[in-house]
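One structure follows; several queries about it will come next.
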Amino acid sequence: MLVMPHVAHLTAPNPSLMTGKGTNTYIVGTGDLAVIDPGPDDDAHIAAIQEAIASLGGQPVLILVTHSHLDHLPGAFSLARRLGVPIAAYAPILGVDVHLRHDQRLTIGGHPLRALHTPGHAADHLCFLLEDDAVLFSGDLIVGEGTVVIGRDGELDQYLDSLRALLPLNLQRILPGHGPPIDEPRRKIEEYIAHRLDRERQILAAVEAGATTPLEIVEEVYAEIDPRLYPVAAQTVEAHLRKLAREGRVLPYQEGGSTKYEVRSTDGG
Ligand SMILES: [Zn+2]
């Protein structure tokens, strides 16, 4: 269960195509403990977190949430009631007691922990940096396997900026919201940036070839994925298209009640 001397790990029982083996919950600290991402509101998982806290022999002081998606946040409310500790997050949502800012510094059981506002996957996304170890709890900004969906509450240029902002931190390790730890953080971050830029080129090429809707583009560009993931991939494609439209590289237009895209003509004609 320990992934480092002062970090314990549990996996929530919510495996799926979207969540991999399930959401990762971490317990950080020495003496005073913080729980990161209690996950979905699942009684057995909340009880397992309480047992883990008891076996660590510490005192829970805080619950931290990386973002407000349903596989990360709801368990926080049940756990907070049971433990009698506050919830801290960026999200201005009812039931969150402490609203963290970008770069806000906390100390958990003697360990400095810094909140980093890292929007892109979700507008309210935070990563948590365990400063002395250069270990990052990355939530859904970076996951242990595969890549990340940019949903309707995300934006692709922000996502790329959030990834690039991690590079100067010289991370030693990433503990993601899903999947196994990442032991070569720089390589992973660079892969993620390169992957998104590749996708952008592929999406632009698909629009040039005549695809007009996110789903048509998915069928062309994401041929290798499970078709059950097409609607989700279409959200990421839409985020790419919104970015390309902001940059004036594609033109959105309305047809039959939906937004379609075409390549912006550069010859003035
Ligand atoms: Zn998420």
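The values are calculated or read from the model by the stated rules, or taken from the named source; none is laboratory data. Quick caveat: nothing in here was measured; it's all calculated off a predicted structure. So basically every Cβ, Gly included, is an ideal-geometry build from the backbone, and we count neighbours across all protein chains shown.
Restricting to region 15-37, count the residues that are out of contact with any Ser or Thr (no Cβ under 6 Å at 6 or more places or on another chain) and part of a loop (DSSP other than H, G, I, E, B).
Looking only at that region, the number is 5.
I'm trying to understand the selection: among the residues of region 145-164, which are in contact with a helix residue (DSSP H, G or I) (Cβ under 9 Å, 6 or more places away or on another chain) and within 16 Å of the ligand (Cβ to nearest atom)?
If the condition is that a residue be in contact with a helix residue (DSSP H, G or I) (Cβ under 9 Å, 6 or more places away or on another chain) and within 16 Å of the ligand (Cβ to nearest atom), then THR147, VAL148, VAL149, ILE150, GLY151, ARG152, GLY154, GLU155, LEU156, TYR159, LEU163 are the ones that fit.
Do any residues in region 125-149 that are without any contact (Cβ under 8 Å) to a residue 24 or more places away in the chain have Cβ atoms under 7 Å from those of residues that are among the small types (Gly, Ala, Ser) and away from the ligand (no atom under 15 Å from the Cβ), where the two are at least six apart or on different chains, and which pairs are they?
none
What are the pairs, 6+ residues apart or on separate chains, where a residue within region 63-80 that is charged (D, E, K, R) has its Cβ under 9 Å from a residue that is near the ligand (Cβ under 8 Å from one of its atoms)?
Final answer for the pair search is ASP71/ASP140; ASP71/GLY177.
Considering only residues of region 165-181 that are in a strand (DSSP E or B) and either more than 17 Å from the chain's Cα centre (by Cα) or not hydrophobic (A, V, I, L, M, F, W, C) (or both), which is farthest from the ligand (Cβ to nearest atom)?
ARG173
Could you pull out every one of the strands (runs of 3 or more DSSP E) wholly within region 70-144 that has 2 or more residues that are within 16 Å of LEU171 (Cβ to Cβ) and either within 12 Å of the ligand (Cβ to nearest atom) or at pLDDT 95 or above (or both)?
So the answer is 111-117, 126-130, 135-139.
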